[in-house]
1. Kindly provide the set of residues from region A:211-236 that are buried (at least 24 other Cβ atoms within 10 Å of the Cβ) and farther than 14 Å from residue A:130 by Cα, ordered by number.
2. So which residues in region B:119-151 are under 19 Å from residue A:269 (Cα atoms) and either touching a residue at least 12 places away in the same chain (Cβ under 8 Å) or surrounded by 24 or more Cβ atoms within 10 Å (Cβ to Cβ) (or both)?
3. Can you tell me which residue among B:163, B:124, B:144 is modelled with pLDDT of 85 or more, within 21 Å of the chain's Cα centre (by Cα) and more than 7 Å from chain A (Cβ to nearest Cβ)?
4. Among B:43, B:48, which is the only one that is touching a residue at least 40 places away in the same chain (Cβ under 8 Å) and within 8 Å of another protein chain (Cβ to nearest Cβ)?
5. Identify the residue in region A:21-56 that is under 30 Å from residue A:284 (Cβ atoms) and surrounded by 14 or more Cβ atoms within 10 Å (Cβ to Cβ) and, among all such residues, is farthest from the other protein chains (Cβ to nearest Cβ).
6. For residue A:121, state whether it is in a helix (DSSP H, G or I), in contact with a strand residue (DSSP E or B) (Cβ under 8 Å, 6 or more places away or on another chain) and closer than 29 Å to residue A:199 by Cβ.
7. Which of the residues that make up region A:57-75 are buried (at least 17 other Cβ atoms within 10 Å of the Cβ) and within 19 Å of residue B:129 (Cα to Cα)?
């Protein structure tokens, strides 16, 4: 305020035009930041609306024709794409076209469930090893290596899964498991033909490997935030490190771990390329045992969109939109759930000192 | 590291549980690091024996030839993502951190945060499908650069926005108060003090976003198409090649030549991602050291 008053300004510091421009910029800079920031942050909102609206419009004919049966039917018949057409509910479809998404939904949920069951304990164990077991000078590079795993392109993980891991498991691991497993519920699914390494369990393992870095690095950061005093107190009471982990460290950050797990679940549900490569991509089939070939919603979209485009009535493309909408709804629900869980946990430790 | 490790119980069950827990933590670390090493080494040992340097300079002929068109194509895609998603993401992050925290901006800020969160978890193939249906077919753009860039940007804007927001939030309150005490206008202080000191975090986010964009396959398959030629200057109606396409299609072609192309592309991708992530890490480590030194 004082410097802008001509009477108090040093005569040498005259109000030149460049100085006037500088003052103009400084005065209006905040407005520029505000307007551009607001405009930019409206774009993700708009993009999301655009995606959902396009999906809904494209899926509407398929929703009308397929009805609720889409969720439970196991048929995947493109119909006679060169011959006659039928009219169902005012929608033109190729004669004999029937679509059902139950195998895709089941495959998506099964692979993601396997991935979470494997990834969650391994992630917690890894985070614990990184924070409590390894000395710091080696824990940092190893932790960085785990983070790198999160950045490896999924197509490379799929390539490794189908060329290296799958054959190894089918040749050296699965037969041993399949021949020795007792005939009791749940474990029964581990018996039977082991196939060639492309299938449900391999997909689940590959997905697990992909989401471990997400959960493990978040959990490690959470473990580092646990204050040392409660842990030392528990140790002073005579607890073993296993008991300290189970009764102090993990409960301290439980909701954060759950949030990271649900985020990993979201990634597993939507993962496309790696699963398309290692699942065997068999349409309309539910795996008879854990080694069976199958497919997921995302893998079906990527492998079928090419041939769906040859359907002159556009019904196949519309059906894929319905499948995509289904996947989008699942992943949105999972994401909001994670947000809710993480949000509730972060409210408990409110950040202090920020206006 | 826990200091007290001598006070172990003599009774069997608790002792066994502690030992089991120890085995479990080391084992899970092994189960993460082992496959990761196996993966990277597996790609390298398959690509290196057949590596020819002219892969970098010759064009692809589908399942044989070089990868120059794909390398340039991936570089163009990453540059485009850096421009589009970088601008939108950084500005979104600034808005969420600086302006959407006031009482007036909080409601709209919550909507934007939810949109960013949902978009970051959105299945990439569904985004690719929408790009194909709405942009390539609906707007008659064909397989080309612009729809690919738009879809890729939708994928990585959330990452950039989140990392920018958290980098800005880590700027100490003292800096802002100091800038205000010196009489800086809010906008000037934002540019000269807040954004400047958060710059390493922002750049790290951008590098990670670039590595994601360069390694994506699903959203590009039905938006970018593929071509044996170098990218042209036209952003519509001309398909563009990218590295991940050759990994995805050539590994199960019958010819050995195609497998070599696939592994060469894999090796280039691995090196690219490692370089980007290590540079990002070095930036973080350097700034952390400086921050600790200043305290």
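1. A:211
2. Of everything in region B:119-151, those that are under 19 Å from residue A:269 (Cα atoms) and either touching a residue at least 12 places away in the same chain (Cβ under 8 Å) or surrounded by 24 or more Cβ atoms within 10 Å (Cβ to Cβ) (or both) turn out to be B:119, B:120, B:122, B:123, B:124, B:125, B:126, B:127, B:128, B:129, B:130.
3. B:163
4. So the residue among B:43, B:48 that is touching a residue at least 40 places away in the same chain (Cβ under 8 Å) and within 8 Å of another protein chain (Cβ to nearest Cβ) is B:43.
5. My answer is A:56.
6. No: the conditions fail for residue A:121.
7. Hits for region A:57-75 are A:58, A:59, A:61, A:62, A:63.
Table: residues versus (1) facing chain A (nearest Cβ under 10 Å); (2) surrounded by fewer than 24 Cβ atoms within 10 Å (Cβ to Cβ).
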position: B:168; (1), (2): no, yes
position: B:173; (1), (2): yes, yes
position: B:180; (1), (2): no, yes
position: B:191; (1), (2): yes, yes
position: B:205; (1), (2): no, no
position: B:224; (1), (2): no, no
position: B:242; (1), (2): no, no
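The values are calculated or read from the model by the stated rules, or taken from the named source; none is laboratory data. Treat the numbers as computed from the prediction; the structure is a model and nothing was measured. Cβ coordinates were reconstructed from backbone atoms using ideal geometry, including for glycine residues, and neighbour counts include every protein chain displayed.
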